Amino acid sequence: MPVIMPIYGTRPEAIKLAPIVAALKASSQLSCVVTVTGQHRAMLDQVNELFGIVPDYDLDIIQQRQTLTSIMTKTIAGLDRLFEQSTPDAVIVQGDTTTSTAAAIAAFYHGIPVIHVEAGLRSGNLFSPFPEEANRKITSQIASLHLAPTSSSRANLLAENVPGENIVVTGNTVIDALLNTVEQNVTFADPQLEELAVSGRKILLVTTHRRENQGEAMRGVGRAIARIAKAEPQLTIVLPVHKNPAVREAVLPAIEGLQNVIVTEPLAYGEFTRLLSISHIILTDSGGVQEEAPSLGKPVLVMRENTERPEAVDAGTVSLIGTDEDRIVSEVDNLLNDKASFNSMASAINPYGDGQAAPRSVAAIEKMFGLGERMTDFGLSPTTRS
Ligand code: UD1
Ligand code: UDP
């Protein structure tokens, strides 16, 4: 039976691969061996624990304030050794982190086929997001099977001469994870959040971590949060803050001591999805949150200049607002106080998936090994598939 090895290292990869790991383990045609790099530690372990995944191999590469070079070299060297003792028939990598590209390169060097989940996202700017746009383009060059979340990501790959027969449009597996998790409606471990949930107060949920926003842009985000909190005392702002010390140093000083701002450690995925579902507005620079919030009908203000996820922007539920402090304040103010603007962004849409991305992915992998047939692509009815 072909052995498939998902390799991942960060929180979003773990969330997005958990449905695929479950589907692989349920497959009677494929066997699954999980490797983590440990690019993240607490934030990775939290997700594996939630989904009941116990990795078979753990490279444990994390360093405080790690550099891109250290993630890349430690991952390649660790996998180089691992593949000598345990050679899978294919590896799965997800998205655009440095773990994912390093794992793809290590597998490629060993002649192991690479399956790329969430293939074909492009911002069109090599330096933004940095280094993710470069990472995903590199992985596309060496992958054998490209599991594209949407038809526009498929079009991006075709435009770069990836053969159409190697691309399957699956939907994004984050929607599989979200739909399964949010319906569990878990209790918050932090009593402040549980009190907030029953209070009916309006919630502005904020997350920020992007490397290119660290420094002055992120200090501006902190100042903007403080100004919004003071101007809108009836609002509660919740910031589950990323573990990265560079993020904490930038964003936290301006918001210390504000009564209507709750700063938490990274929330377990179940708690975070519940918080998303009870929030009024989302302010974020996260990729995954941009995909999840629209399916819960939540307006999303994205603190970036561009996005590789145009679908929800086109549908009107996501707005790109950049990182200018004044702009952040005025965009949040507009959504809080102008009902028409809020309503125009608050419709639930599902451009990123239908909850079946993991079975579609595993069917495509089985087909790759001559063991089954593909399912109908996401977004295509059986009659329109070309
Ligand atoms: C990484 C990914 C980014 C992804 C993000 C998701 C790269 C280059 N970046 O960025 O694409 O969007 O994850 O969150 O692959 N830390 C801990 N414990 C943890 C996690 C992080 O202490 O569980 C701290 C460490 O000091 C670490 C730092 O955060 O050095 C930065 O982590 P790193 O993975 O390098 O960058 P992220 O910004 O998390
Ligand atoms: N998330 C979480 N707990 C948190 C914040 C985010 O579980 O406290 C989840 C979120 O639902 C999404 C993913 O983490 O699925 C996004 O991760 P992140 O923003 O770190 O990375 P990105 O998606 O930008 O690569």
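Which helices (runs of 4 or more DSSP H) does the stretch 100-186 wholly contain that include 1 or more residues that are touching a residue at least 60 places away in the same chain (Cβ under 8 Å) and in contact with a Phe, Trp or Tyr (Cβ under 6 Å, 6 or more places away or on another chain)?
Qualifying helices (runs of 4 or more DSSP H): 173-182.
Filter the stretch 119-138 down to the residues that are of a type in the set (S, T, N, Q) and under 17 Å from the mean Cα position of the chain (by Cα), then identify the one that is surrounded by the most Cβ atoms within 10 Å (Cβ to Cβ).
Taking the candidates together, the pick is Asn135.
Tell me, yes or no, whether the stretch 208-218 has at least one residue that is within 11 Å of ligand 1 (Cβ to nearest atom), closer than 14 Å to Arg65 by Cβ and among the β-branched types (Val, Ile, Thr).
no
Restricting attention to the stretch 192-221, which residues are away from ligand 2 (no atom under 16 Å from the Cβ) and within 16 Å of Leu301 (Cβ to Cβ)?
Result: Lys202, Gly220.
Write out, first by first residue and then by second, each pair whose Cβ atoms fall under 9 Å of each other, whose residues are 6+ apart or on separate chains, and whose first residue, in the stretch 238-261, is within 17 Å of Lys202 (Cα to Cα) and within 14 Å of ligand 2 (Cβ to nearest atom) while the second is open to solvent by 40 Å² or more (accessible area, probe 1.4 Å) and assigned to a strand (DSSP E or B).
Pairs that qualify, where the first residue is within 17 Å of Lys202 (Cα to Cα) and within 14 Å of ligand 2 (Cβ to nearest atom) and the partner is open to solvent by 40 Å² or more (accessible area, probe 1.4 Å) and assigned to a strand (DSSP E or B), are Val238/Val263; Leu239/Val263; Pro240/Val263.
Scan the stretch 275-322 for residues that are part of a loop (DSSP other than H, G, I, E, B), within 15 Å of ligand 2 (Cβ to nearest atom) and open to solvent by less than 40 Å² (accessible area, probe 1.4 Å) and jot them down.
Within the stretch 275-322, Ser279, Asp285, Ser286, Lys298, Met303, Arg304, Asn306, Thr307, Glu308, Arg309 qualify.
Quickly run through the stretch 79-97 and pick out the residues that are at pLDDT 95 or above and either open to solvent by less than 60 Å² (accessible area, probe 1.4 Å) or touching a Phe, Trp or Tyr at 6+ places or on another chain (Cβ under 6 Å) (or both).
Matches in the stretch 79-97: Leu79, Leu82, Phe83, Pro88, Ala90, Val91, Ile92, Val93, Gln94, Gly95, Asp96, Thr97.
Can you tell me which residue within the stretch 98-115, out of those that are open to solvent by 20 Å² or more (accessible area, probe 1.4 Å) and closer than 18 Å to Pro6 by Cβ, is nearest to ligand 2 (Cβ to nearest atom)?
Going residue by residue through the stretch 98-115, those that are open to solvent by 20 Å² or more (accessible area, probe 1.4 Å) are 105, 108-111, 113.
After this cut, where a residue has to be closer than 18 Å to Pro6 by Cβ as well, the list is 105, 108, 110, 113.
Details: Ile105: 20, Phe108: 23, His110: 27, Pro113: 25 Å.
That would be Ile105.
On the given criteria, is Pro310 touching a residue at least 40 places away in the same chain (Cβ under 8 Å) and closer than 22 Å to Val182 by Cβ?
Here the answer is no, as Pro310 does not meet what is asked.
Out of curiosity, is Glu160 of a type in the set (D, E, K, R), within 28 Å of Asn306 (Cα to Cα) and either open to solvent by less than 50 Å² (accessible area, probe 1.4 Å) or in contact with a strand residue (DSSP E or B) (Cβ under 9 Å, 6 or more places away or on another chain) (or both)?
no
For residues that are in a helix (DSSP H, G or I) and open to solvent by 20 Å² or more (accessible area, probe 1.4 Å), scanning just the stretch 259-274, find the one that is farthest from ligand 1 (Cβ to nearest atom). If you could, list the steps in order and put the result at the bottom.
Looking only at the stretch 259-274, we keep the residues that are in a helix (DSSP H, G or I), and these are 269-274.
Those left that are additionally open to solvent by 20 Å² or more (accessible area, probe 1.4 Å): 271-272, 274.
Numbers: Glu271: 16, Phe272: 12, Arg274: 19 Å.
Out of the qualifying residues, it is Arg274.
Okay, residues lined up against (1) assigned to a helix (DSSP H, G or I); (2) closer than 19 Å to Gly287 by Cα:
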{"site": "Arg219", "(1), (2)": "yes, no"}
{"site": "Gly222", "(1), (2)": "yes, no"}
{"site": "Ile225", "(1), (2)": "yes, no"}
{"site": "Ala229", "(1), (2)": "yes, no"}
{"site": "Pro233", "(1), (2)": "no, no"}
{"site": "Val238", "(1), (2)": "no, yes"}
{"site": "Lys243", "(1), (2)": "no, yes"}
{"site": "Val247", "(1), (2)": "yes, yes"}
{"site": "Ala250", "(1), (2)": "yes, no"}
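Counting only residues that are in a loop (DSSP other than H, G, I, E, B) and of a type in the set (Lys, Arg), how many does the stretch 323-377 have?
1
Of the residues Ile62, Ile76, which single one is open to solvent by less than 70 Å² (accessible area, probe 1.4 Å), of a type in the set (Val, Ile, Thr), more than 9 Å from ligand 1 (Cβ to nearest atom) and free of Cβ contacts under 8 Å to residues at least 40 places away in the same chain? First the steps, then the outcome.
Details: Ile62 fails: more than 9 Å from ligand 1 (Cβ to nearest atom).
Among Ile62, Ile76, only Ile76 is open to solvent by less than 70 Å² (accessible area, probe 1.4 Å), of a type in the set (Val, Ile, Thr), more than 9 Å from ligand 1 (Cβ to nearest atom) and free of Cβ contacts under 8 Å to residues at least 40 places away in the same chain.
Being outside any helix (DSSP H, G or I), β-branched (Val, Ile, Thr) and more than 16 Å from ligand 1 (Cβ to nearest atom) narrows it down to one residue among Val54, Val93; which is it?
On inspection, the qualifying residue turns out to be Val54.
The values are calculated or read from the model by the stated rules, or taken from the named source; none is laboratory data. Being a predicted model, the structure only gives us computed values, none of them experimental. Because the Cβ atoms are built from the backbone with ideal geometry, glycine has one as well, and the counts that use them run over all protein chains shown. Areas reflect the complete protein model, heavy atoms only, side chains present, ligands, DNA and RNA absent. Shrake-Rupley method; radii C 1.70, N 1.55, O 1.52, S 1.80 Å.
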